Amino acid sequence: MRNGRRAPSEANRQERGSDLVLSTHGFTTETLYNPGQISDIVGISVSTLATWRSLGTGPGWLKTGRKIWYPVVDFDFWMEGQRGNQRNKAGSGITGSR
C-alpha cells in the first residue's frame, strides 16, 4: 500500500501499463509479439532471441521497461528475409542449368 492506496496486482499493472505506453506510440498487444510468441512461431528458445538482440541480429524489437516486444510488421519483414532459394520451385517457370 502506498500513499493510502492499494497497489494494483503485478499482472494487472503490467498489462495496463504496457498497453498504455505502447498504444501512445501506435502499438498494441495485437500489433506486437512477445518473446514467447516468437519462440513458438520460429521454434527457437527465448534465450536465443536474447542472444540475437545482444548481437544485433534477428527481428527488430522494442523495450518498454523490462518487457521486450517484437512489432509484427518487423517480424514479418525479417521472416521474408529468411526465405531460401525459390528458383527451382515447382511451377515457377524457371529452370536451372547444371
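None of the figures in this text is laboratory data; all of them are computed from the coordinates on show. Because the structure is predicted, anything quoted here is derived from the model rather than measured. Positions of Cβ are generated from backbone atoms using ideal geometry, with glycine treated the same way; all protein chains shown enter the neighbour counts.
Just for the stretch 32-57: of the residues that are assigned to a loop (DSSP other than H, G, I, E, B) and over 11 Å from the mean Cα position of the chain (by Cα), which one is surrounded by the most Cβ atoms within 10 Å (Cβ to Cβ)?
Ile44
Go through the stretch 58-74 and give me each residue that's out of contact with any Pro (no Cβ under 7 Å at 6 or more places or on another chain) and assigned to a loop (DSSP other than H, G, I, E, B).
Result: Gly58, Pro59, Trp61, Gly65, Arg66.
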